[in-house]
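The values are calculated or read from the model by the stated rules, or taken from the named source; none is laboratory data. Keep in mind that what you see is a predicted model, and the values were worked out from it rather than measured. Cβ sites come from the backbone with ideal geometry, for glycine too, and all protein chains shown count toward neighbours.
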């Protein structure tokens, strides 16, 4: 067996017997993401469902003169409150302080204006800077528009005019997003957790085989043996890669299971994490494990102790998934130049897979090649470092 | 056979070696003696090929350490001063790992590991994980790792540091046995008595240079002291 194989086998056995390495690879790494994801997603989904269904309460001023309007609002799950405010300034202050989401003020001449066919005025009192009040504002506005339209249609019909004459344009929206595509925003979070869990799964091994070995004093005698430094380093990186790859696999499976328990269908979403898609995701993400193994090994090899290494690797762990956050805030379509950015390319390709859409095979090839190249580059830098004398000091 | 001529080594501003020279013959135990910080470890690390000298020559069995480090590594067995075992591996796995990295293979490796386990009486705990080993057990396994490929040259850096009486005795026996097999044994120490008892030849190093090099008798007459400890102090102070 070559020295590389000897080192690989020894480090694998050593890591498998190390409980901390195992726990971080098989438990923390892969399960942390899906659990957090499930919690966040089900909270967000429930919030969306709740807001659409639950009645809202809206304080009204001068509501006595608009009984028909009030009963229309009631049918639309909007309960008006006549007593709470009598003074418009008090209502405005309450809205400004966000005690009330929206309020409604009816003009004193509302009833009279309706009867004479003038424009009857109502004011929605709202704070447009308050994001949490937006859904209530939108619902109230939609209900008022609907009421107004209904009256308009009746008036035209009474005069023997076809109401559709007053609507020369019919604006319709043709939503081409597939149900899976709509869930992509939520599932975008998934790639972030996948990358993170891959890194987390192998970092303990990367530290243990480099900084840990140095700290325990077992590195120096190792360097007096006939095996080359390159063989030592690649053997170590190989084991870190295996742990990251295992962590990634478990993470994907636990995502596929977790998604089944999410009420995505209730908000018109489906997530396609069929076994075939999971295999595809694994193929897309696996090169990232190579990058992670190289990166974590070179970072840890610059430190002298386990604790020091943990500090620097946790900083290094934040960096790779950063491009994903940028893209979630500012969405882009996959393109060849973007495939040159590791982590971003994996995110975009996985997103296509989850949407159930095909991607350019060249994109996958470029993404994998660049990502593996970065990992190999880190590995070569580690070999260089192990050839130098600074590793002993 | 180890030949060292005029080695120099600088770490940044610190001049660790300023011209160390000595020879260690086959079938002899050579002690590298000197106070802490004298340059003993640096010299041994150059001989082990893990540090490169700035100038000067170091040869092991006629091979220059700078020219063919891999040949030198195959020829030597090394016991560094805090040589740790792999705690998650058994004694046998520790030894076999070193044997494999020194290029042994297949049945050859099996035989070498078996032989050294038997010779150092490691058998009773050969399959136990090294994590809970006593000092004596650890030392035996570390020695077995260094000797498994049967090197003609044995290099030990402060091997007796922190060892109890029993462990020291094990070490001494192994060193003497190796010498009687015709090996070249080089070890460093800052403990005078230990060197006096074991060594056929002594090189005293202080301040990065060799101060005296010779047998105990030669050193006594060169420094004009009857007692070897006085001779050591005189030699070190004289540098």
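A few comments on the model shown:
- Total residues in the range B:1-35 satisfying the condition of being free of Cβ contacts under 8 Å to residues at least 12 places away in the same chain and surrounded by 14 or more Cβ atoms within 10 Å (Cβ to Cβ): the figure is 0.
- Residue match in the range B:214-225 (condition: more than 13 Å from the chain's Cα centre (by Cα) and part of a strand (DSSP E or B)): yes
- From the list B:160, B:209, the one residue that fits, being in contact with a strand residue (DSSP E or B) (Cβ under 8 Å, 6 or more places away or on another chain) and under 21 Å from residue B:82 (Cα atoms), is B:160.
- Those residues of the range B:113-144 which are without any contact (Cβ under 8 Å) to a residue 60 or more places away in the chain and within 14 Å of chain A (Cβ to nearest Cβ), in sequence order: B:113, B:127, B:128, B:129, B:130, B:131, B:132, B:133, B:138, B:139, B:141, B:144
- The residues of the range A:197-245 that are more than 30 Å from residue B:78 (Cα to Cα) and either within 13 Å of another protein chain (Cβ to nearest Cβ) or touching a helix residue (DSSP H, G or I) at 6+ places or on another chain (Cβ under 6 Å) (or both), listed by number, are A:197, A:198, A:199, A:200, A:201, A:202, A:203, A:241, A:243, A:244, A:245.
- Count of the range B:74-94 residues, restricted to those that are farther than 17 Å from residue A:213 by Cα and in contact with a helix residue (DSSP H, G or I) (Cβ under 9 Å, 6 or more places away or on another chain), is 5.
- Per the conditions (1) surrounded by fewer than 21 Cβ atoms within 10 Å (Cβ to Cβ); (2) at pLDDT 90 or above; (3) over 20 Å from residue A:237 (Cβ atoms), the sole criterion not satisfied by residue A:374 is (3).
- Yes/no for residue A:46 being within 31 Å of the chain's Cα centre (by Cα), on the phi < 0 side of the Ramachandran plot and part of a helix (DSSP H, G or I): yes
- When each of B:85, B:139 is tested for being outside any helix (DSSP H, G or I), at negative phi and crowded, with 20+ Cβ neighbours inside 10 Å, the lone residue that passes is B:85.
- Within the span defined as the range A:15-23, one or more residues are under 37 Å from the mean Cα position of the chain (by Cα), at pLDDT 90 or above and not in a helix (DSSP H, G or I).
- In the range B:36-73, residue surrounded by the most Cβ atoms within 10 Å (Cβ to Cβ) [restricted to those that are more than 9 Å from every other protein chain (Cβ to nearest Cβ) and in contact with a helix residue (DSSP H, G or I) (Cβ under 6 Å, 6 or more places away or on another chain)]: B:60
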